[in-house]
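One structure below.
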Amino acid sequence: MDKKCINMRRFIFTGTPGSGKTSCLKELEKLGHAVIHEAATDVISRAS
């Protein structure tokens, strides 16, 4: 296993709809952090 993966810090963002979870993740991604977006967010975006 890659040593980098073992030492990777993981965070879970929770909150009510509209609280800014996706906005925070997008900003972290812009700063170069690895981000995994929630699948439901992708489905909702495609439907809009």
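Here are the numbers:
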read-out	value
Shape metrics for segment 3-47, restricted to C-alpha atoms - Rg then Dmax, Å	12.3, 39
Inter-probe distance in nm under a simple model that places probes 7 Å from Cα toward Cβ, at Lys30 and Arg9	2.1
Protection-proxy order for peptides 24-34, 9-19, each taking the mean of Cβ atoms within 10 Å per residue, highest first	24-34, 9-19
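Any read-out appearing in this document is the output of simple, stated calculations on the displayed coordinates, not a laboratory observation. Computed from a prediction, not measured in an experiment: that's the story for all the values here. Every residue, glycine among them, receives a Cβ derived from its backbone with ideal geometry; neighbour counts consider all protein chains shown.
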